[in-house]
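The values are calculated or read from the model by the stated rules, or taken from the named source; none is laboratory data. Quick caveat, the model's predicted, so the values are computed rather than measured. Here Cβ is always computed from backbone atoms with ideal geometry, including for glycine, and neighbour counts include all displayed protein chains.
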Amino acid sequence: MKRTEPERHPGFDPLRLSRTLFDHYGPSGWWPGDSPCEVAIGAILTQNTAWTNVEKAMANLKAASLIDVRRLHGVDGERLAALIRPAGYYNIKARRLKNFVQAVMEASSGDLGRFFDTDTQTLRSALLMVNGIGRETADSIGCYAAGKLVFVVDAYTRRILLRHGVIKDDASYDHMRGLFEAGLPPEISVYKDLHAHLVLVGKEFCRPKSPRCCECPLRLFS
C-alpha cells in the first residue's frame, strides 16, 4: 500500500533539525547493544521504564546466556520473568518477549537475521502482529536492530513538535513519522542519531515541567 505523503509544516525542516542536534551532540552511538538480538530485547524491556532498569535486566539475561532467540524460546516463563524483574512489569514483559521469539521461531526457525531480511513494511507489519509490540517498539526494532529506514517517534518527539508548533494535539504516530521520513535523507545513521538526540533534548531540556528553553539547542529552531 502506498503511503500518503503527510502535509508538511511550512517551517519544519527535519534535515536542519538533524544537523542542529548533530552539531550539538555528535554521533549518538545508539541503540546500546552488542547484537541485533540484544537491541530487540532491549526495545521490548524499555517499555514504561528507565533504561537504567533495563540494563540490570539485560545483565541478568547475559549472565544466563539468554541473549538468543532459541534459548529465550526454550526458557521457562517464570524464570524469564524473574531475570527481567528489574525492568518492571516483568510478568507482562516476559510474555511479550516470548511472543516476539515465538514469531521469529515460526517465521524463520529462530534465525533473527533471516526474520529481519525482508522489506521495511513487511517487517513492520510482522512486528505489529506480535501481541505487546506497538508502533514505537516495532520501529525501534526495525531501525536499530534490523537497520531499516523507519523513523522512531516517542513521547519526547511529540512534546518537542507540539511546543515548536509543528503538530497539533491530535497528530497520529504515523503522521509524525511521515513528517520525518519525508524530509530526511535515506541514511540509517541520520535516522538513528536524530531519534536519539530528540530523546536527549526531551530529557535534558524539553521537560514536561520547568523546561530549559533558553539553554536548549533547539531554542532558535522554528
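Of the numbered criteria (1) under 14 Å from the mean Cα position of the chain (by Cα); (2) exposed (fewer than 15 other Cβ atoms within 10 Å of the Cβ); (3) not acidic (Asp, Glu), the one ARG135 fails is (2). If you go through the stretch 95-127 and pick out every residue that is farther than 20 Å from LEU45 by Cα and either not assigned by TED's automatic domain parsing to the domain that holds GLN47 or not in a helix (DSSP H, G or I) (or both), you end up with 5. Would you pick out the residues in the stretch 154-173 that are under 12 Å from the mean Cα position of the chain (by Cα) and either surrounded by fewer than 16 Cβ atoms within 10 Å (Cβ to Cβ) or among the basic types (Lys, Arg) (or both)? Hit for the stretch 154-173 is ALA155, nothing else. Taking residues in the stretch 184-203 that are over 13 Å from LEU21 (Cβ atoms) and in the same structural domain as TYR156 (by TED's automatic domain parsing), and partners anywhere that are surrounded by 19 or more Cβ atoms within 10 Å (Cβ to Cβ) and basic (Lys, Arg), the pairs with Cβ atoms closer than 8 Å and at least 6 places apart or on different chains are ILE188/LYS148. Taking the stretch 37-50 as the range and being within 12 Å of SER140 (Cβ to Cβ) and either surrounded by fewer than 18 Cβ atoms within 10 Å (Cβ to Cβ) or in contact with a Ser or Thr (Cβ under 9 Å, 6 or more places away or on another chain) (or both) as the test, the residues that pass are VAL39, ALA40, GLY42, ALA43, ILE44, THR46, GLN47.
Exactly one residue among PHE221, PHE180, PHE205, PHE151 is surrounded by 12 or more Cβ atoms within 10 Å (Cβ to Cβ) and at pLDDT below 95, and that residue is PHE221. Listed by first and then second residue, the pairs with beta-carbon distance under 6 Å, at least 6 apart or on different chains, first residue in the stretch 58-73 and within 12 Å of LEU112 (Cα to Cα), second modelled with pLDDT of 95 or more and of a type in the set (Asp, Glu), are ILE67/GLU38. Within the stretch 62-89, the set of residues being surrounded by fewer than 18 Cβ atoms within 10 Å (Cβ to Cβ) and in a helix (DSSP H, G or I) comprises LYS62, ALA63, ARG70, ARG71, HIS73, GLY74, GLY77, GLU78, ARG79, ALA82, ARG85, PRO86.
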